Amino acid sequence: MSRISARFAKLKKDNQAAFVPFVTAGDPNAEATAALLERLPGAGADLIELGVPFSDPMADGPAIQASSQRALHAGMTLTKVLDLVRRFRKNDDKTPIVLMGYYNPIHKYGTARFAKDAAEAGVDGLITVDLPPEEDDVLRLPAGAQGLDIVRLATPTTDDVRLPTILEGAGGFLYYVSITGVTGTKTFAESDVRAAVARLQRATDLPVAVGFGIKTPEQAAGVAMFADAAVVGSAIVERIAAGASLEDVADYCASLARAVHEARN
């Protein structure tokens, strides 16, 4: 059983949703990211989304765009992202890590080589925002050969005709984008997201995670009542950008994790 499957199975047994923080690798620098990654499991992170910085992050709002620029200016590369995962795995072999990013850096690295190196580093899954299901064989096949899950995205505009295409070949979990737009720029109506998640859960056995727009423990708890995971990214990245200490960021993540884990009890 993969780390992702094992973690969701345990949470389901405990009647809990997962808390999934997103951080951009290398923001503000590699050492800061390494220190935060080391703290996140203790702060309650069930899975970690590690953003691969890219110069043109089309799905991301201002906060994560800026974090990518800071990371790139600090010298972060895809090779160094994998080095961060290797460093994390020296002390943690349980917490799943999913890389979230764009296809261009993977293409430049070499797709088959990347899949092999990512799996050996300890990556568990990949979210490649700009690689649609019709085109992702180029990554999905070599990734699958290395045991990496391809996590697919569903959105408020995903209709019943489109959904089977998204689900075919999907692995790990299904990521529901709660808004139409980019990260960190809008809020969502909980009733709409609840209905959308229920529809997805009827269509797949994969856990359904909700991201884009969750900023507070209260919002995270609300999502945890019906979804399998709550993803928080921009709100964490904004704190890093504001110069918050490692302790402050970890404490904020811990407050989100408590809200998610206690929501159903």
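Every read-out reported here was derived from the displayed coordinates using simple, explicitly stated rules and does not represent laboratory data. Just so we're clear, the structure is a prediction, and the values are computed from it rather than from any experiment. In this analysis, Cβ positions are derived from the backbone assuming ideal geometry, glycine residues included, and neighbour counts consider all displayed protein chains.
The Cα atoms of the stretch 124-265 give a gyration tensor whose axes a ≥ b ≥ c have a/c of 1.5 or more with a/b greater than b/c, which makes the shape prolate.
Computed from the C-beta positions of Ala9 and Asp137, the FRET efficiency with R₀ = 25 Å rounds to 0.30. Springs between Cα atoms under 10 Å define the GNM used for the chain, and in it the highest mean-square fluctuation of Asp228, Asp56, Asp124 occurs at Asp56. Relative to the current alpha-carbon distance between Lys90 and Asn104, full extension at 0.36 nm per residue lengthens the span by 2.2 nm.
If I take R0 = 41 Å and measure r between the Cβ atoms of Glu38 and Glu168 in this structure, what FRET efficiency does the formula 1/(1 + (r/R0)^6) give, to the nearest 0.05?
0.65
Return the calculated 222 nm mean residue ellipticity for the chain, to the nearest 500 deg cm²/dmol, obtained by summing -39500 (n - 2.57) across DSSP H runs with n ≥ 4 and dividing by the residue count. For the chain, the value works out to -14000 deg cm²/dmol. How would you classify the chain from its alpha-carbon gyration tensor, with a ≥ b ≥ c the square roots of the eigenvalues: rounded for a/c under 1.5, else prolate if a/b is greater than b/c, otherwise oblate? Rounded is the answer for the chain, as its axis ratio a/c remains below 1.5. Which residue fluctuates the most in the chain, going by a Gaussian network model with Cα springs under 10 Å, if the choices are Ala30, Ala250, Ala74? Its mean-square fluctuation being the largest, the pick is Ala74.
Note on the chain: GNM, Cα springs under 10 Å; of Gly144, Gly233, Gly243, the largest mean-square fluctuation is that of Gly243. Note: relative contact order over the stretch 3-262, using C-alpha pairs below 8 Å and six or more positions apart, is 24 percent.
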